[in-house]
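First the structure, which I've put down as structure tokens, then a few questions once you've had a look.
No lab work stands behind these numbers, since they all come straight from the coordinates. Every value quoted in this text rests on a predicted model; they were computed, and no experiment measured them. Here the Cβ is made from the backbone with ideal geometry for all residues, glycine too, and neighbour counts use every protein chain on show.
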Amino acid sequence: MSDETPAGATAHITIAQAQAALDRAAGPRSVPLFRHGTLLVKYYAPRGEDVQKPHAQDEAYVVAQGTGTFFDGSSRRAFAAGDLLFAAAGVPHRFEDFSDDFGVWVLFYGPEGGEPA
């Protein structure tokens with residue numbers, strides 16, 4: 001996590017602001033936007049293929065735009081804008097067959113290794 005990631009008690013970030021930050025970032029199509037305690041909010045918009053690996057924290061995704069398929073390590077489910085997806089810490093997962101405009105809000109939170117169920 002970057003020390004430059006904004007932090008605070010409140011936040012309002014639009015999709016347009018998230019996409020602009022993503023366009024300015026070099027490298028992977030993921031950009032940190034806000035943090036508070038263990039919560040880290042990113043915007044993620046892969047192109048072509050999602051090559052992410054399992055993460056150390058639990059994560060929730062809110063689909064901001066686009067459609068596709070979410071693979072959760074054992075099954076595949078179609079998703080669309082407005083859907084909520086969850087992946088526990090350490091669980092393999094990825095987005096597949098997603099549209100060109102696909103983008104998600106990613107919320108990482110909790111301790112490394114995830115929270116108990």
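What is the Å³ per residue value for the convex hull set by the Cα atoms of the stretch 31-109?
That works out to 79 Å³ per residue.
List the residues, sorted by chain then number, that are 5 or more residues from F86 or on another chain and whose placed amide H is less than 5 Å from its amide H.
Y61
Using per-residue counts of other Cβ atoms within 10 Å, averaged over each peptide, order 61-67, 33-39 from highest down.
Ranking, from highest mean packing down: 61-67, 33-39.
Sticking with this structure for a sec: Taking the beta-carbon count within 10 Å as an exposure proxy, list D50, D83, D100 from fewest neighbours to most. Working shown, then result.
Numbers: D50 17, D83 14, D100 8.
Neighbour counts put them in this order, fewest first: D100, D83, D50.
What 222 nm value per residue comes from the helices of the chain, counting each DSSP H run with n ≥ 4 as -39,500 (n - 2.57) and dividing by all residues, nearest 500 deg cm²/dmol?
-2500 deg cm²/dmol
I would also like to ask the following. Excluding Y109 itself, calculate the net charge of residues whose Cβ lies under 13 Å from the Cβ of Y109, where each Lys or Arg counts +1 and each Asp or Glu counts -1.
Neighbourhood net charge equals -2.
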